[in-house]
1. Tell me yes or no: at least one residue of segment 8-21 is among the aromatic types (Phe, Trp, Tyr), touching an Asp or Glu at 6+ places or on another chain (Cβ under 8 Å) and either surrounded by fewer than 24 Cβ atoms within 10 Å (Cβ to Cβ) or within 23 Å of THR140 (Cβ to Cβ) (or both).
2. State whether one or more residues within segment 86-94 are within 17 Å of THR15 (Cα to Cα), touching a helix residue (DSSP H, G or I) at 6+ places or on another chain (Cβ under 6 Å) and not hydroxyl-bearing (Ser, Thr, Tyr).
3. If I ask for residues that are assigned to a helix (DSSP H, G or I), modelled with pLDDT under 95 and exposed (fewer than 15 other Cβ atoms within 10 Å of the Cβ), which ones from segment 130-165 would you list?
4. Pairs needed: first member in segment 110-128, over 10 Å from LEU158 (Cα atoms); second member anywhere, acidic (Asp, Glu) and assigned to a helix (DSSP H, G or I); C-beta distance under 9 Å; at least 6 residues apart or different chains.
5. Could you list, in sequence order, the residues of segment 77-105 that are more than 19 Å from ALA169 (Cβ to Cβ), of a type in the set (D, E, K, R) and under 17 Å from the mean Cα position of the chain (by Cα)?
6. Take the residues of segment 170-218 that are touching a residue at least 40 places away in the same chain (Cβ under 8 Å) and of a type in the set (Gly, Ala, Ser): which is nearest to ALA30 (Cα to Cα)?
7. Answer with yes or no whether VAL38 is buried (at least 22 other Cβ atoms within 10 Å of the Cβ) and within 16 Å of TYR10 (Cβ to Cβ).
8. Which of (1) over 22 Å from SER135 (Cα atoms); (2) crowded, with 23+ Cβ neighbours inside 10 Å; (3) of a type in the set (A, V, I, L, M); (4) in contact with a Ser or Thr (Cβ under 8 Å, 6 or more places away or on another chain) does VAL31 not meet, given it meets every other one?
Amino acid sequence: MRPPFDPTLYLVTDTALCLPRPVADVVRAAVAGGVTAVQVRDKLAPRRELLALTRSVQAALADRPDVPVVVNDAVDVALLAGADGVHVGQEDLPADEVRALIGPDRLLGVSVESAADLAEALALPPGTVDVVGLSPVWATPTKPEAGPGLGLDATRELAAAAHAGGLRAVAIGGIDATRAAAAAATGVDGICVVSAVCAAPDPRAAAARLRAALSPVGAR
């Protein structure tokens, strides 16, 4: 049975942006402020360090079993840590093969950058993918290789297509408190943030501001 997954405010970690604070401390504060799910991402960390990082985040959230911890890309780390799921991008391992590795009881997210990417995710057997990350809504320095942003109209269309195919969708890329409501209004099930929380002087307050920005439009 897969863990509960509320993607309303989905934090993706960035080790460098969190400095000089430990990632786990930033995550703990952000969850106290309203973050509902966490993805551990550090593309530069060796696997051993990423495993330690993931475990430190899990330990920080030991009293919050309602907040799932997902690992970006590294299926082996997710399995060793007993994480709640994995998120893969278009250049990572194929989603169907990742599902075979992680089994039926973990979450699987896939980055979607175009209608063609979404069509591939929707063509997979039901239950393979749980959520698609529509990326990037706006261009973002935390992932420059993602290219120009989708924009709100394309995000809205992709979210609707994902829902029609039985998948949840989250928006990521360039989202901060000033853009959160507009991103949520596209019909996504939640928003993902990186620098808006990781680089904030007060991650708890930053998360609270984001949740406040979402409440008028009722993020799904």
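1. Taking every residue of segment 8-21 in turn, none turns out to be among the aromatic types (Phe, Trp, Tyr), touching an Asp or Glu at 6+ places or on another chain (Cβ under 8 Å) and either surrounded by fewer than 24 Cβ atoms within 10 Å (Cβ to Cβ) or within 23 Å of THR140 (Cβ to Cβ) (or both).
2. no
3. Residues satisfying the conditions are PRO144, GLU145.
4. Pairs that qualify, where the first residue is over 10 Å from LEU158 (Cα atoms) and the partner is acidic (Asp, Glu) and assigned to a helix (DSSP H, G or I), are VAL110/ASP117; VAL110/GLU120; SER111/ASP117; LEU124/ASP96; PRO125/ASP96; THR128/ASP96.
5. Across segment 77-105, the qualifying residue is only GLU91.
6. It comes out as ALA207.
7. Against the criterion (buried (at least 22 other Cβ atoms within 10 Å of the Cβ) and within 16 Å of TYR10 (Cβ to Cβ)), VAL38 qualifies.
8. The one condition VAL31 does not meet is (4).
The values are calculated or read from the model by the stated rules, or taken from the named source; none is laboratory data. Predicted model, so just to flag it, every value in this text is computed and none were measured. Neighbour counts run over all protein chains shown; Cβ positions are idealised from the backbone, glycine included.
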